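Since the structure comes first, as structure tokens, the remarks are kept for the end.
Every read-out reported here was derived from the displayed coordinates using simple, explicitly stated rules and does not represent laboratory data. Note that the coordinates shown come from a computational prediction; the quantities given were computed from them, not determined experimentally. No Cβ is skipped: glycine too gets one built from the backbone with ideal geometry, and neighbour counts run over all protein chains shown.
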Amino acid sequence: MLGVAAASAAVVLSASTSALACTIQDFSAAASCDGDKGVITVKDVDATGVTATVTVYLENNGSDLRKVGEQPVKGSLTGTTVTFAEDWKPNAEYRIRVKAGNLVDEDISPNLTTPSKACKAEESPSPSPSPSESDASPSPSPSASPSTPQPSPTPGDSSTPPAPANNAPTPAVGDSHLAETGANSNTGLIAGIAAVLVVIGGGAIFFGIRRKGSSNR
């Protein structure tokens, strides 16, 4: 009887010890904000109080991009938390490695993915100042001096010069030469008088010749 009881106690003690042993399930990670600063926290709820080392890596396409930091943590029944200051970007991925003696040496699975909203809102670029009106509007070119307006003709005016007061007939084509040389309306009278004088002179010469012939006889 005593042997059976001792064996049963050993089994129970072994089971309880295994149940209290540090495992990777005792560790969890989260990304949060401390004001406008990003932080990554790792919590250890190992009731046995085994000291573990936590290392955080920033991932990029399945490989370590850089090491964020490394800290020791000693778990407790209520949980112990270590904090890593990290200005994480939205939807970034981090790998958390835990090593606790010979009990744990593996990553927290799955990897930590940060929230889709950053702790500090990105400042939008300030709009470039719009050009002032003096820059935007082109300077007016100097206007040409206005020409003097011509008086509009009155209804009584006409562009055709008025006809002469007398109704003298237009000189014929033959008389155009006389008009060009300064002849006037008395030209015909003078020509007639000259013709008469020529006839009279010719007659006088004729009669003079006849008288001279009669005297010679």
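At full extension, residue 66 and residue 120 could sit 17.2 nm farther apart than now, given 0.36 nm per residue minus the alpha carbon distance. Per the Kirkwood formula applied to alpha carbons, region 20-113 shows a radius of gyration over Rh ratio, Rg over Rh, of 0.97. Of the peptides 43-50, 73-80, the order by per-residue mean of other Cβ atoms within 10 Å, starting with the highest, comes out as 43-50, 73-80. Summarising the label geometry, the points placed 7 Å from Cα in the beta-carbon direction at residue 103 and residue 25 lie 1.4 nm from one another. Could you please report the charge total around residue 110, scoring K, R as +1 and D, E as -1 over all other residues with beta-carbon less than 14 angstrom from its beta-carbon? Taking every Cβ under 14 Å from that of residue 110, the sum is -2.
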